[in-house]
Amino acid sequence: MNAEAGTQLQDARIGEWRRVSTLTLVVNTVRTGGQALIPIGFALYSVSKEGGATGWAALALGLGGIVLFSLMVGGAWLSWYRLRYRIGENDVRLEQGIISRSARSVPYDRIQDVSLEQKLIPRLLGLVEVKFETGAGGKDELKLSYVSESEGERLRDSVREMVDGEKAPVTHSEAQASETRAEPVGETLFAMDTRRLLTFGLFNFSLVVFAVLLGAMQQLEFLLPFDVWDAVGDWFRRDGIEQAGALVSGYGAAAQIAALVYSVAALIVVGMASGIVTTFLRDWEFRLERTPKGFRRRRGLLTKTDVVMPVHRVQALVLKTGIVRRLFGWHGLSFISLAQDAKNANHDVAPFARLDELQPIVDASGFALPHAAVSWHRPSANYRADKVALSAGLCFLAALAFLVARWLLPPEAQGLGIGAVIMSIFGVIFAVQQAFLWRYHRHAVDAQYVYTRRGWLAPRTEVASRIKLQSIEVAQGPLARLRGYCDLKFGLAGGSFAIEGLPLEDAQEIRARVLESIAAVDFAKLPR
């Protein structure tokens, strides 16, 4: 027996090869069937509109659809049969492919998180998709689609324990026994009921419905008895705007005001309804629990996600609010974690809560929000002055260009003068804005944490633990070097953290203090 065969035999003893659930075939059949039947249905509809050899064309399309559907189902079965996975001693392995085989192996030291996701059809069948996240922005993630819910829970627990070096992988017989165990009950830290979701949705004003309608019109316009865009073009060519304006001007002032109010109210209602629908789809049955494994967050109506975040992998906190919701005392809390949540390093743990509801979550994470004794500092005055000059200067240069063009072009170009006035007004607004926001752009450092706070109407506070920062960089551009300030950038696994516009002396002092905290910790003894 050669060395390679011996290695394969040894690996086979470590963990058994397994296949995903056979119900995956149903999911893939529904998905591929929809992809095949919808275009065929559209083609049949087009043929029926054109007339002619409708019967023969429909028969040919129908037979072609049956053949195509059969090929897709057969391909889905072969893909399922040729896909297998294994939880090994040092890595997670996945082999797949029909003609061209591929084998992927992700070592445990590269796995940052294991999450479960359920889209609508798999959820109806009791299946989950298991994602082994590597923190590489989704490029190197390993996915298993689909396994049973109990198998997904077992895989997540087993891989997490292997990542943390707690025990050996679970064998097939142990897996069958673990499927009958009760799921550990955790302490509920935060949850949102229907009333809370409805309130949250009212603050999530969105006009995405109009983008969806425009996209649907563009994709499905061939089903309509007329061309939408030609009709719109004809309306413009017939001076439709002028006719509409003349019609509105014929009404009295009260009617015009009522029409304006009605239009604005309709827009607000549509935006609120869109926000409510989006919120219910994303955060339905939102629940955050504190379990022995860490924070467990579940949410979703059509697509349900189940994420577990170990406490020691929480890198920083983000406390934020909105312009309107702040007036009513609503805030949101998220964790910056080693893993990613929908391609984002921030995991929402309480997206819509009161401050007193956030405190138990902050305490459980081992962090602390800024206290009254924290000494806040502002960025360099030179940094803010340069921001004011740059923000306003670009607008004033654009205004000057408008004036020069107005002077060179014929007198008919009256709009250029108006453009110069508008750009000048924007320049003043930007200058005042930057000068005003300087008062609310602050940072602080105490014995354990680094804090940043910015924003006036919608403030955002970030808290990072000093011992979890991995690197510190002092960055200076040409202007910053000339004016004596810099940006202090902290290396944070899973996200970014920086203090902008610091005086160089203050940045060097903060860097020395934070490096002292990092050097005092033996990271080899910390939990992974």
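Just a few scattered comments:
- Any chance R326 is in a helix (DSSP H, G or I) and touching a Pro at 6+ places or on another chain (Cβ under 8 Å): yes
- The residue that is modelled with the highest pLDDT, counting only those in the range 329-343 that are farther than 21 Å from P459 by Cα and outside any loop (DSSP other than H, G, I, E, B), is S337.
- Residue in the range 494-501 that is more than 31 Å from the chain's Cα centre (by Cα) and not polar (S, T, N, Q) present: no
- So T188, is it modelled with pLDDT of 55 or more, farther than 30 Å from S102 by Cβ and surrounded by 16 or more Cβ atoms within 10 Å (Cβ to Cβ): no
- Matching residues, the range 470-515, being open to solvent by 70 Å² or more (accessible area, probe 1.4 Å) and either within 21 Å of Q315 (Cβ to Cβ) or in contact (Cβ under 8 Å) with a residue 24 or more places away in the chain (or both): Q470, E473, L479, R483, K489, S496, Q508, R511, R513, L515
- Among the residues of the range 301-315, the ones that are surrounded by fewer than 19 Cβ atoms within 10 Å (Cβ to Cβ) and part of a helix (DSSP H, G or I) come to 2 in all.
- Extreme residue, surrounded by the most Cβ atoms within 10 Å (Cβ to Cβ), among residues of the range 443-468 that are within 24 Å of G329 (Cβ to Cβ), among the aliphatic types (A, V, I, L, M) and within 24 Å of the chain's Cα centre (by Cα): V463
- Qualifying residue in the range 251-260 (condition: surrounded by fewer than 17 Cβ atoms within 10 Å (Cβ to Cβ), modelled with pLDDT of 90 or more, assigned to a loop (DSSP other than H, G, I, E, B) and not small (G, A, S)): no
- Scanning the range 269-300 for residues that are of a type in the set (V, I, T), assigned to a helix (DSSP H, G or I) and either in contact with a strand residue (DSSP E or B) (Cβ under 7 Å, 6 or more places away or on another chain) or open to solvent by less than 70 Å² (accessible area, probe 1.4 Å) (or both) yields a total of 4.
- Single match in R282, R298, R290 (criterion: free of Cβ contacts under 8 Å to residues at least 60 places away in the same chain, within 20 Å of F335 (Cβ to Cβ) and touching an Asp or Glu at 6+ places or on another chain (Cβ under 6 Å)): R298
- Screening E95 on (1) surrounded by 15 or more Cβ atoms within 10 Å (Cβ to Cβ); (2) over 30 Å from L120 (Cα atoms); (3) modelled with pLDDT of 60 or more shows it passes everything except condition (2).
- Consider the range 191-224 and keep the residues that are of a type in the set (S, T, N, Q) and surrounded by 11 or more Cβ atoms within 10 Å (Cβ to Cβ). The one that is modelled with the highest pLDDT is T199.
- The range 376-388 - residue that is open to solvent by less than 70 Å² (accessible area, probe 1.4 Å) and part of a loop (DSSP other than H, G, I, E, B) and, of those, nearest to S465 (Cα to Cα): W376
The values are calculated or read from the model by the stated rules, or taken from the named source; none is laboratory data. What you are looking at is a predicted structure, and each value in this text was computed from that prediction instead of being measured. Neighbour counts run over all protein chains shown; Cβ positions are idealised from the backbone, glycine included. The area values use the complete protein model at the heavy-atom level, side chains included, leaving out ligands, DNA and RNA. Shrake-Rupley method; radii C 1.70, N 1.55, O 1.52, S 1.80 Å.
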